[in-house]
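Chemist: Quick one: the structure is below, questions incoming.
The values are calculated or read from the model by the stated rules, or taken from the named source; none is laboratory data. Keep in mind the model is a prediction, meaning the values are calculated, not measured. Heads up, the Cβs are rebuilt from the backbone with ideal geometry, glycines too, and the neighbour counts pull from every protein chain shown. Accessible surface is based on the protein model in full, side chains and every heavy atom, while ligands, DNA and RNA are left aside. Shrake-Rupley method; radii C 1.70, N 1.55, O 1.52, S 1.80 Å.
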Amino acid sequence: MGNLGSGCAVLPRSLPTILILLSCVFGLSLGTELSFVTCGSVLKLLNIKHNVRLHSHDVRYGSGSGQQSVTGVTAVEDSNSYWSVRGTSDALCHRGTPVKCEQTIRLTHVNTGRNLHSHYFASPLSSNQEVSAFGDEGEGDHLDEWTVLCGGSVWKREEAVRFRHKATDALLSVTGEQYGRPIHGQREVHAMSSPSQHSLWKAMEGIFMKPSENPMGSRDYSHLHTEF
């Protein structure tokens, strides 16, 4: 992707409209690649074992909680696979601040405004712990909180990480079960108590906020950085 100066950069069609507008208004440039994930970034997450991206859409489970479903998809260019990295109600996550290992965050689905969520309902296919999308305009409850498990001090973009559900200690996972209609071929996403290759995720395409010189993370969009 190139920067077209004062115009709008050429962006993938899969990018949500709100992000395209940001790109046009504030003029994105590639800049120096960030090696870590920052608060306020919008990204896709790849399950390394099954090569599927974390995905959601306005389709509800027909069992369990009946909340919005969360799946894994093989498609790379799908706008329903973008998630925003946010803080919790108890701990703010200032725009552009590197996400630390063991930090608790929320992941908000960009297109529907619902948060990645889990609870003690059985998942539809494997009967593991259900993972859903919950809330309204990014506001949900304490069951939307996930702790980033990584090996160093911050979440590195090239690193395989795990997400532990704070309330239940279960890990965000994919084990390969596939849905039929209406979401044929999509993989079941669930949570499991034990770490395995099925629970490893990597940050992929998205918009990554550069660290700001303002420690309070002001709305300085000159620090915006993208990679698709």
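Chemist: What residues of the stretch 151-192 lie in the reach of a label at residue 78, counting those whose backbone N is under 17 Å from a point 7 Å from the Cα along Cα→Cβ?
Modeler: 173-190
Chemist: How big is the dipole moment of the stretch 132-198 about its Cα centre under a simple scheme where the beta carbon of each Lys and Arg is +1, that of each Asp and Glu is -1, and everything else is neutral? Debye, nearest 20, please. Write out the running numbers ahead of the final one.
Modeler: Values: 7 positive and 11 negative charges, 83 e Å.
Computed charge dipole of the stretch 132-198: roughly 400 debye.
Chemist: For the stretch 43-129, which whole-number percentage of the solvent-accessible area (1.4 Å probe, protein heavy atoms only) is attributable to carbon and sulfur atoms? Numbers along the way, then the final one.
Modeler: Details: 1570 of 3480 Å².
Carbon and sulfur atoms account for 45 percent of the accessible area of the stretch 43-129.
Chemist: Okay, next question. Principal axes first, then extents: for the Cα atoms of the stretch 53-153, list largest minus smallest coordinate on each axis, whole Å, largest first.
Modeler: On the principal axes, the stretch 53-153 reaches 38, 32, 29 Å in Cα extent.
Chemist: Label points 7 Å out from Cα along the Cβ direction at residue 194 and residue 158: separation in nm?
Modeler: For the pair residue 194/residue 158, the computed spacing is 3.2 nm.
Chemist: Over the alpha-carbon set of the stretch 80-216, work out the extent along each principal axis and list the three values in angstrom, largest first.
Modeler: Cα spread of the stretch 80-216 along its principal axes, largest to smallest: 49, 32, 28 Å.
Chemist: Turning to a different aspect of this structure: List the lysines whose Cα lies under 21 Å from the Cα of residue 49, skipping any in the same chain that are fewer than 8 positions away.
Modeler: 156, 202
Chemist: Carbon and sulfur atoms: what percent of the 1.4 Å accessible area of the stretch 130-186 do they account for?
Modeler: Numbers: 1190 of 2640 Å².
So the carbon and sulfur contribution to the accessible surface is 45 percent.
Chemist: Could you rank 193, 65 by how accessible they are, 1.4 Å probe, largest area first? Could you put the intermediate results ahead of the total?
Modeler: On the way: 193 100, 65 35 Å².
Solvent-accessible surface, decreasing: 193, 65.
Chemist: Taking only protein heavy atoms and a 1.4 Å probe, what accessible area per residue, in Å², does the stretch 121-215 have with all protein chains in place?
Modeler: Details: 4350 Å² over 95 residues.
Accessible surface, normalised per residue, equals 46 Å².
Chemist: Can you give the local net charge around residue 179? Use residues other than it whose beta-carbon is closer than 12 angstrom to its beta-carbon, Lys and Arg +1, Asp and Glu -1.
Modeler: Values: positive: 181, 187; negative: 177, 188.
So the surrounding residues net to 0.
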